[in-house]
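Working notes for the structure below.
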């Protein structure tokens with residue numbers, strides 16, 4: 001669902017850029033500086049939809065160097081209830097399978113959620129058995145707290161993935 005929403009968002013941006021190219025010539029001659037959109041972390045207790053929107057915006061701001069427009073995005077839910085733990089377990093299995101199969105060079109895998117430590121644990125566990133160099137030219141974006149960044153980066157070392165970090169703020 002998140003991939004579909006991201007695809008729609010990317011398609012809308014591409015269409016808007018395409019249509020803007022058809023605008024008047026005066027506008028083309030005047031350079032326009034756009035401020036980078038400020039993305040703020042959803043309030044504690046916000047619903048999953050707010051967090052997924054936040055994650056999609058952070059991913060879009062970190063796509064430089066990525067050759068595809070459809071990154072693998074993983075929202076890691078927070079919470080200790082049974083359903084959430086089952087969802088995270090299933091997600092971990094899904095990510096492990098993706099890591100085992102490999103991801104084509106030029107792609108991005110992005111991970112984020114309300115609880116940085118939980119998200120970091122998922123990434124570390126998923127990449128525990130990754131083969132040496134199997135993620136060469138694949139970018140892995142971790143959206144979380146600085147305190148968790150180093151252990152995620154270390155977990156990706158063997159795989160050869162390009163680590164990218166975006167601090168939740």
Just to be sure I understand the filter: pairs with C-beta atoms under 6 Å, separated by 6 or more residues or on different chains, first member in the range 83-103 and touching a residue at least 40 places away in the same chain (Cβ under 8 Å), second member not in a loop (DSSP other than H, G, I, E, B). Which pairs pass?
99/126
Residues of the range 131-169 being surrounded by fewer than 17 Cβ atoms within 10 Å (Cβ to Cβ) and in a loop (DSSP other than H, G, I, E, B), which ones?
131, 132, 133, 136, 137, 145, 157, 158, 160, 169
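Looking only at the range 6-24, decide whether some residue is part of a helix (DSSP H, G or I), at pLDDT below 90 and either under 20 Å from residue 87 (Cβ atoms) or in contact with a strand residue (DSSP E or B) (Cβ under 9 Å, 6 or more places away or on another chain) (or both).
Looking through the range 6-24, at least one residue is part of a helix (DSSP H, G or I), at pLDDT below 90 and either under 20 Å from residue 87 (Cβ atoms) or in contact with a strand residue (DSSP E or B) (Cβ under 9 Å, 6 or more places away or on another chain) (or both).
Being surrounded by fewer than 17 Cβ atoms within 10 Å (Cβ to Cβ), touching a strand residue (DSSP E or B) at 6+ places or on another chain (Cβ under 7 Å) and assigned to a loop (DSSP other than H, G, I, E, B) is true for just one of 65, 79. Which residue is that?
Working: 79 fails: touching a strand residue (DSSP E or B) at 6+ places or on another chain (Cβ under 7 Å).
Among 65, 79, only 65 is surrounded by fewer than 17 Cβ atoms within 10 Å (Cβ to Cβ), touching a strand residue (DSSP E or B) at 6+ places or on another chain (Cβ under 7 Å) and assigned to a loop (DSSP other than H, G, I, E, B).
The values are calculated or read from the model by the stated rules, or taken from the named source; none is laboratory data. From a predicted model like this one, the values you see are computed outputs, not experimental measurements. Neighbour counts run over all protein chains shown; Cβ positions are idealised from the backbone, glycine included.
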